Amino acid sequence: MSRRGGNSKSVWRQKIMSSSNREKGREKGAKLSALVWREFKRNRVAIAGLYVVCFLLGIALFADFLANDKPYYLRYQGKSYFPILRGYMVQLGLARLPPELLNVEYKTLDNQAAVFPPIPYRPSNVNLTASYAPPSGKHWLGTDKLGRDVMAGIIHGSRISLSIGFVAVGISLMIGVILGALAGFFGGWIDLVTSRLFELMLAIPTFFLLITIAAVFPPSIFLTMVIIGLTGWVGIARFARNEFLKLRSLDYVTAALALGVSSRQIMFRHILPNAMAPVMVSVVLGVAGAILLESGLSFLGIGVPADTVTWGSILNEARSNTFAWWLAVFPGFAIFITVLAYYLVGEGLRDALDPRLRGLR
Amino acid sequence: MGSYLLRRFLLLIPTFIGVTIISFLIMRLAPGDPAELRAGGGLRGAGEAGISTEKRGAVDEAVVQWRAQYGLDKALPVQYAVWIKNLFTLKFGESYKDNQPVFDKIRERLPVTVKLNVLSLFLVYIVAVPLGIYSATHSYSLGDQTTTLFAFVLFALPVVWLGTMAIVFLCGGDYYFLFPPGGLTSIDYAPEWPLWQKLKDQIWHLFLPVLMLSYAGFAGLSRYMRSGMLEQLRQDFVQTARAKGLPESVVIYKHVLRNSLIPMVTILAGILPGLVGGSVIVETIFSIPGLGQLGYEAVLARDFPVVMALFTVSALLTLVGILLSDLLLAVVDPRIAFGRRQ
């Protein structure tokens, strides 16, 4: 580990040294991550994007504490309870719900004291008397046809969007980089075969494939992640291939070959770090794309189970009920902000990772 | 050049076979065989319990007949061969839904989708290339940063959101009525209208759908153009060109631009299937009777002959697009046609 770290670091440092002599003195001893972070920090827009990404991750992580029909703290029949935390324990199998709290409606409970989350609803709470309620103090962003709180739906929907984005792109990145590296580095028949594979994947109408598979199999979030991941790697692979093809004819690769370094080492230690910058662009496009794809799928009512509230499924309701403008404005804005934030962070990262850009600003 | 094109064309054949195999497998993966599915439309499934015994006997008989008619009683490779043969003679079979020939359905709707996509592709390149050139030549200026931010915003705007917002706020409803809420032409559209009126009506109807198909492309493509140009601007030959006293416009438009157009052409191949996929959502939102809407409805109704045919046809269209972009690539970069790995 230490040898590997030291090696790639020195490669990076060399590149930085040669590209900008200005900063020669200050580079001594600095780690790559520190260098990238320092470059990244200069980009105020990217930093703003990073704040939004962290904020959204926080919302997804603490969704249960932000929007929940259970109280944080409850005093009932002389005893104290922490129903949300207890709920987690129950899910993990560590505890049981006290019998007096089984199947109770916390809001109508004759309690002595209760502290509820800011949005005291879950997205699954149906209230037919509050159907299509416009935004108000009670329902901040209004309700849908079944009287489900839109704010709660958006908060819990962020979990689905973010996890689908991450998992799908993780799958795509792994497949894409490995295939792209093999094709670009070795060329010849390997390139020929993998290029046919790229072409096949490109020629397949991905969206049709997605909706067809989703229609054939029972709806599931996991399946949606896997299909988006398995169909989305071509962009990454093509960029990786083109980079490897370009870089493999450079002198430092020839030198490494002459020194007898193994192909695997050249590919992943010497070429990959230099090829990553353009690949990062397509990874970022991929996260944005996966979230957009998911919203499109659930907008069409395909892929995720029908009772799951997602950003796309709320939007879909607005299409047939044009008077309920809040169903159109808010969930779409959530998708937009999420995709924008990831995009800005990724672009900032790309600039910070690319030593050739250093000193240009 | 000629041999390069021939080679590229021959290489598309295995790809096309791959697509047909995938398409065929999807059909096979579907639970139940097509004859059962066809019967399932009205008689099987939910209503099965209520069917009288003699009616059920009739359904079973029909299923056996259909199975023989579709060749489903034969081995898989034979079925595949028959399907391929039918494909080349343009026999896509009949829709389960209304027994109409699938070929007619597609022929009816293909022009609509092609029109939408060609218009949007034009719009994308016309807007994105100059935008990218401006951003790269004025890199890190206020103008570039504004364009960059604007491009990010456009790229991040989901079609489902913008489309729904347009329907809610701009197309009748409770707010403004600037554009029609759907369709391709007005209800009173007549062939005897003068040309300008027909054009006006069509543009009025196509404006929002084409815009929805294109705006993400403005952002994406102009970003690629910008980074491609910046990449080229850092090359040594640019310094040489400047050093020998060439005017900046020649350096930019002759030397740099040509080289940075190369990745733009590759991207064309990647955009094509996206446009077909994207038109599913756009056509659904704006109720446009194109291939996307046909596909969506077919998928929901599990109308597999239509789904398979559409899958294959759009894959074929995309392959043609890839071939086209390879051809263009060879034109803009002769090294590709002649260069081989040493």
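Of all the listed residues (A:Ile266, A:Ile291, A:Ile236), the sole one being aliphatic (A, V, I, L, M) and away from every other protein chain (no Cβ under 14 Å) is A:Ile266.
Residues that are free of Cβ contacts under 8 Å to residues at least 40 places away in the same chain and over 23 Å from A:Gly229 (Cα atoms) within the stretch A:177-189 comprise A:Gly188, A:Trp189, listed in sequence order.
Do we have B:Leu170 as at pLDDT 80 or above and facing another protein chain (nearest Cβ under 8 Å) here? Taking the combined requirement at face value, the residue does not satisfy it.
At least 1 residues being acidic (Asp, Glu) is the threshold, and among the helices (runs of 4 or more DSSP H) wholly inside the stretch A:32-72 those reaching it are A:32-42, A:63-66.
All of B:Leu211, B:Leu195, B:Leu178, B:Leu199 fail the test of being out of contact with any strand residue (DSSP E or B) (no Cβ under 9 Å at 6 or more places or on another chain) and surrounded by 13 or more Cβ atoms within 10 Å (Cβ to Cβ), apart from B:Leu211. Please verify whether the stretch A:196-207 includes one or more residues that are farther than 30 Å from B:Gln235 by Cα, among the small types (Gly, Ala, Ser), buried (at least 21 other Cβ atoms within 10 Å of the Cβ) and touching a Leu at 6+ places or on another chain (Cβ under 8 Å). Yes; the residues of the stretch A:196-207 include at least one that is farther than 30 Å from B:Gln235 by Cα, among the small types (Gly, Ala, Ser), buried (at least 21 other Cβ atoms within 10 Å of the Cβ) and touching a Leu at 6+ places or on another chain (Cβ under 8 Å).
Do the conditions hold for A:Val177, that is, is it modelled with pLDDT of 90 or more and farther than 20 Å from B:Pro158 by Cα? So A:Val177 fits the description; yes.
Of the candidates B:Thr284, B:Thr318, the single residue that is outside any loop (DSSP other than H, G, I, E, B), more than 12 Å from the chain's Cα centre (by Cα) and β-branched (Val, Ile, Thr) is B:Thr284.
Among residues that are surrounded by 20 or more Cβ atoms within 10 Å (Cβ to Cβ), closer than 30 Å to A:Leu50 by Cβ, touching a Gly at 6+ places or on another chain (Cβ under 9 Å) and at pLDDT below 85, A:Phe239 is included. Given (1) at pLDDT 85 or above; (2) of a type in the set (Ser, Thr, Tyr); (3) under 23 Å from B:Phe16 (Cα atoms), identify the lone condition not met by B:Thr89. Against the list (1) at pLDDT 85 or above; (2) of a type in the set (Ser, Thr, Tyr); (3) under 23 Å from B:Phe16 (Cα atoms), B:Thr89 comes up short only on (1).
The requirement of being under 20 Å from the mean Cα position of the chain (by Cα), within 12 Å of chain A (Cβ to nearest Cβ) and of a type outside the set (Lys, Arg) is fulfilled nowhere in the stretch B:188-209; no residue meets it. Once the stretch A:181-212 is narrowed to residues that are more than 7 Å from every other protein chain (Cβ to nearest Cβ) and touching a Ser or Thr at 6+ places or on another chain (Cβ under 8 Å), the residue that is nearest to B:Ile267 (Cα to Cα) is A:Met201.
When you check A:Ser163 against the structure, is it over 30 Å from B:Pro305 (Cα atoms) and away from chain B (no Cβ under 13 Å), yes or no? Here the answer is yes, as A:Ser163 does meet what is asked. Quick one: how many residues across the stretch A:324-349 are under 15 Å from B:Gly163 (Cα atoms), at the interface with chain B (Cβ under 8 Å from one of its Cβ atoms), surrounded by fewer than 24 Cβ atoms within 10 Å (Cβ to Cβ) and not aliphatic (A, V, I, L, M)? Going through the stretch A:324-349 one residue at a time, the tally reaches 3. Every test in (1) crowded, with 24+ Cβ neighbours inside 10 Å; (2) more than 9 Å from chain B (Cβ to nearest Cβ); (3) more than 15 Å from the chain's Cα centre (by Cα) is passed by A:Pro305 save one, and that test is (1).
Residue-level analysis places A:Met280 outside the set of residues that are away from chain B (no Cβ under 13 Å), under 21 Å from A:Leu173 (Cβ atoms) and not in a loop (DSSP other than H, G, I, E, B).
The values are calculated or read from the model by the stated rules, or taken from the named source; none is laboratory data. Source: prediction; values computed, not measured. Every residue, glycine as well, gets a Cβ built from its backbone with ideal geometry; the counts of neighbours run over all protein chains shown.
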